[in-house]
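What follows is a set of notes on a single structure, which appears directly below.
The values are calculated or read from the model by the stated rules, or taken from the named source; none is laboratory data. In this text the structure is predicted, and so the values were computed from the model without any measurement. As a convention, Cβ positions derive from the backbone with ideal geometry for all residues, glycine included, and neighbour counts pool all protein chains shown.
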Amino acid sequence: MKKIIIIIFIIILITGGIFIFTNSKKSFQEKLIDMGYNEKDANVISTLVNKNDENLILNSKYNTNIVDILTNKNYKEDNLKLYLDYLNENKKAPSNFIINIVNLNLTEYKYSKKLNNLTNEKYFIKDNLKRYLNYDKGNANKTVTEVNCNLDYNYYENVQETDLAKDNLMIVNKFYYLKNDFEPEDLVTLDDIYNIGTNNKLRKVAAEAFMKMADAAKLDNISLKNASGYRSYNYQATLYENYVKRDGKEAADTYSARAGYSEHQTGLATDINQINDAFENTDAFKWLSENAYKYGFILRYPKDKENLTGYKYEPWHYRYVGTTVAKQIYEEDLTFEEYYAYYIN
């Protein structure tokens, strides 16, 4: 009886060894086929996976999404294990979402359609994710856009001093302010041929760009003149209070900045020609709409984006940001708030 048991044991060892030996001789592609992958997918996987990472695939659960992950344009080889781990825990997650969530180091968040839609937005900002989820407007684009513009906060609350180091790209609005003693050191006075207002100063770089733009417009028989450039903190305080007395605070806040929150204090903003809505119907406005960005200026408070900028449409108000940024804002149809949140801040 003992001999029989020993013989059976030896047979088991031999056959097991043969199996192990045979299996070890199989190629990675053959092992993938044994897992359930078809020949085409097995070929793709074996071609794209680094030899050192083969066991990561073999030890993971069968899932054809692996092919989509490996062929995704944003795939990062060093993240393979993280992709596989997230896929194993979130089986319904699309491959593109997995790539995004892992690359952004947000794997603590479980897959959901809402999260998928948010991360697919062009201007999605990782650091704003919790704010997106809390603010959720049922539309990913609206949620991302409005949170990026700080609209999940109330105006003039949660404010901070603007970053002067951003120079031409500093932002001043209802969430970013300038101190009451701030005055640009490089203000220059515009010649009379470029000016019709009492606030006739701009920062040197903005003044030079404005004069260059006005000269170019003149060649097209268009007259462009600064009607209001730099304004001091105290000047803006008086202006705002007069508007409040006339129209009330709620109305004044839709078209006038409080002291310290006015772009004019930066010395980079100019009101052109006439400060009223009729300017929209002039040849000068049409020319600016097509050419201002070429000289580094953007329409600061565009039509139909009042909720993003915090101010009513002002066809006369232009802000200098430099030609490169102005061109991008023009081409992507962004407000400065949107641009600042995604590309600068």
The correct count of residues that are assigned to a loop (DSSP other than H, G, I, E, B) and farther than 20 Å from Ser262 by Cα in segment 191-213 is 2
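Does segment 145-166 include one or more residues that are among the aromatic types (Phe, Trp, Tyr) and surrounded by 17 or more Cβ atoms within 10 Å (Cβ to Cβ)? Quick ask: steps written out before the conclusion?
First, pick out the residues of segment 145-166 that are among the aromatic types (Phe, Trp, Tyr): 153, 155-156.
The next check asks that each one be surrounded by 17 or more Cβ atoms within 10 Å (Cβ to Cβ); those that pass are none.
No, there is no match, as no residue in segment 145-166 is among the aromatic types (Phe, Trp, Tyr) and surrounded by 17 or more Cβ atoms within 10 Å (Cβ to Cβ).
Test Asn74 against the stated conditions and say whether it is more than 22 Å from Asn148 (Cα to Cα), in contact (Cβ under 8 Å) with a residue 12 or more places away in the chain, of a type outside the set (Ser, Thr, Tyr) and exposed (fewer than 13 other Cβ atoms within 10 Å of the Cβ).
yes
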Between a first residue in segment 172-183 that is over 15 Å from Ala237 (Cβ atoms) and in contact (Cβ under 8 Å) with a residue 40 or more places away in the chain and a second residue that is among the hydroxyl-bearing types (Ser, Thr, Tyr) and surrounded by fewer than 17 Cβ atoms within 10 Å (Cβ to Cβ), which pairs have beta carbons less than 8 Å apart while being 6 or more apart in sequence or on different chains?
-> Lys174/Tyr155; Lys174/Tyr156
Subset of segment 86-102 (residues that are assigned to a helix (DSSP H, G or I) and either surrounded by fewer than 16 Cβ atoms within 10 Å (Cβ to Cβ) or not assigned by TED's automatic domain parsing to the domain that holds Ser60 (or both)) | Asn88, Glu89
Checked segment 62-111 for anything of a type in the set (Lys, Arg) and under 23 Å from Lys31 (Cβ atoms); matches are Lys81, Lys91
Would you please name the residue that is surrounded by the fewest Cβ atoms within 10 Å (Cβ to Cβ), looking only at residues in segment 36-61 that are assigned to a helix (DSSP H, G or I) and of a type in the set (Val, Ile, Thr)?
-> Thr47
State the number of residues belonging to segment 324-337 that are more than 19 Å from Thr266 (Cα to Cα) and assigned to a helix (DSSP H, G or I).
-> 7
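Residues are listed down the side, and each one gets a yes or a no for (1) of a type in the set (S, T, N, Q); (2) within 19 Å of Asn105 (Cβ to Cβ):
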site: Glu39; (1), (2): no, no
site: Leu48; (1), (2): no, no
site: Asn55; (1), (2): yes, no
site: Lys61; (1), (2): no, no
site: Ile66; (1), (2): no, no
site: Ile69; (1), (2): no, yes
site: Lys76; (1), (2): no, yes
site: Lys81; (1), (2): no, yes
site: Leu84; (1), (2): no, yes
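Quick check: is even one residue across segment 134-148 among the aliphatic types (A, V, I, L, M), closer than 19 Å to Tyr340 by Cβ and either in a helix (DSSP H, G or I) or modelled with pLDDT under 95 (or both)?
yes
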Name the one entry in Ala284, Ala278, Ala251 that is out of contact with any Ser or Thr (no Cβ under 6 Å at 6 or more places or on another chain) and under 28 Å from Thr145 (Cβ atoms).
-> Ala251
